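Peer 1: The structure's right below; bear with me while I get my questions together.
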Amino acid sequence: MILLAFVLTIVIAQRLSELVLARRNYRWAMHHGGTEYGADHYWLFVVLHSLWLVCMALECLIRQPSVPTWWPIFLALIVVAQILRYWAITTLGHCWNTRIVIFDQMTRVQSGPYRYLRHPNYVAVVLEIAAIPALVGAWYTALLFSIANGILLLLIRIPAEERALKNHIARGE
């Protein structure tokens, strides 16, 4: 349970600090002619990420799993996800957000991790949603939320982001 409390504390602190940064970047983008896209589905990700943490805690409290013998692999995946996430955030600067916000001077970023991956931040989230619960033995949470996140990303979020960027670039903005 100590590991679970430690993991939850770190993840919650990380998510809250990212929301603060996202809010600051949102205000900056809106001040520079930003337009938000996909606001109608944003709540799905808030619910998904909140329930992910709650379900991971509940699964651990109910099942009381032991730390898996493969924990170093899961920890390595988590570290890779963090490196990738913060590389993406740093590369995007004011453009990084938890929302889809397009502003006047925006162009498609092709540096940093974006040279290799089209959506590196989403790759980081996919890794986290699977590896963090697996690290504490919450296998059901890892599986269920990996599937739910994959569906939301592939069917809703990534297409909405791609449409917003394509429309912005097509208008020559």
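Peer 1: Of all the accessible heavy-atom surface of the stretch 1-57, with the other protein chains kept in place and a 1.4 Å probe, what percent is carbon and sulfur? Before the final figure, lay out each step's value.
Peer 2: Values: 2460 of 3330 Å².
Carbon-and-sulfur percentage of accessible area, whole number: 74.
Peer 1: Run lengths n ≥ 4 of DSSP H only: what is the helix-derived mean residue ellipticity at 222 nm for the chain, with -39500 (n - 2.57) per run over all residues, to the nearest 500?
Peer 2: -24000 deg cm²/dmol
Peer 1: Separate question: For the stretch 48-87, what value does the Rg/Rh ratio take when both radii are computed over Cα atoms and Rh is the Kirkwood radius, given to two decimals?
Peer 2: Answer for the stretch 48-87: 1.07.
Peer 1: I've got another one for you. Explain nothing, just the number: dipole magnitude of the stretch 1-159 about its Cα centre with +1 on each Lys and Arg Cβ and -1 on each Asp and Glu Cβ, in debye rounded to the nearest 20.
Peer 2: Magnitude of the dipole: close to 240 debye.
Peer 1: Related question: Given the options Val80, Val47, Val125, state which has the largest fluctuation in a GNM of the chain using a 10 Å cut-off (strictly under) for Cα springs.
Peer 2: Val47
Peer 1: Can you give me the three principal axis dimensions of the stretch 31-173 from its C-alpha atoms, in Å, biggest first?
Peer 2: Taking max minus min along each principal axis of the Cα atoms, the stretch 31-173 gives 55, 30, 24 Å.
Peer 1: Determine, for each peptide in 108-119, 137-148, 23-34, the mean count of other beta carbons within 10 angstrom over its residues, then list the peptides with the highest first.
Peer 2: Result, highest mean first: 137-148, 23-34, 108-119.
Peer 1: Once the other residues with Cβ under 12 Å from the Cβ of Ala134 are scored (Lys, Arg +1; Asp, Glu -1), what is the net sum?
Peer 2: Here the count lands on -2.
Peer 1: Can you give the net charge of the other residues whose Cβ lies under 10 Å from the Cβ of His119, counting K and R as +1 and D and E as -1?
Peer 2: 0
Peer 1: Shifting gears a bit: What does the charge count near Asp40 come to, summing +1 for each Lys or Arg and -1 for each Asp or Glu among other residues with Cβ under 15 Å from its Cβ?
Peer 2: Around Asp40, the surrounding residues sum to +1.
Peer 1: Let me ask you something else. Taking θ = phi - 60°, what integer Hz values does the Karplus form 6.51 cos²θ - 1.76 cosθ + 1.60 yield along the stretch 112-125, in sequence order, with x for Gly and Pro?
Peer 2: x, x, 6, 5, 10, 10, 6, 9, x, 5, 5, 4, 4, 5
Peer 1: In a Debye calculation with equal point scatterers on the alpha-carbon sites of the stretch 91-173 and no solvent, what is log10 I(q)/I(0) at q = 0.15, 0.21, 0.25, 0.26 Å⁻¹?
Peer 2: Debye output, listed in q order: -0.64, -1.03, -1.25, -1.29.
Peer 1: Using a 1.4 Å probe, what is the accessible area per residue for the stretch 1-122, in Å²?
Peer 2: 60
Peer 1: By how many degrees, 0 to 90 and rounded to 10, does the Cα axis of helix 2-31 deviate from the longest principal axis of the chain?
Peer 2: So the helix axis and the longest Cα principal axis differ by about 10 degrees.
Peer 1: If you don't mind, there's one more thing I want to ask. Select from Ile151, Ile62, Ile132 the residue whose mean-square fluctuation is largest in a Gaussian network model of the chain (Cα-Cα springs shorter than 10 Å).
Peer 2: In the Gaussian network model the winner is Ile62.
The values are calculated or read from the model by the stated rules, or taken from the named source; none is laboratory data. Just so it is clear, the structure is predicted and the values come from calculations on it, not from any experiment. Please note: Cβ atoms are built from the backbone with ideal geometry, for glycine as well, and neighbour counts cover all protein chains shown. The accessibility values were calculated without ligands, DNA or RNA, using every heavy atom of the protein model including side chains. Shrake-Rupley method; radii C 1.70, N 1.55, O 1.52, S 1.80 Å.
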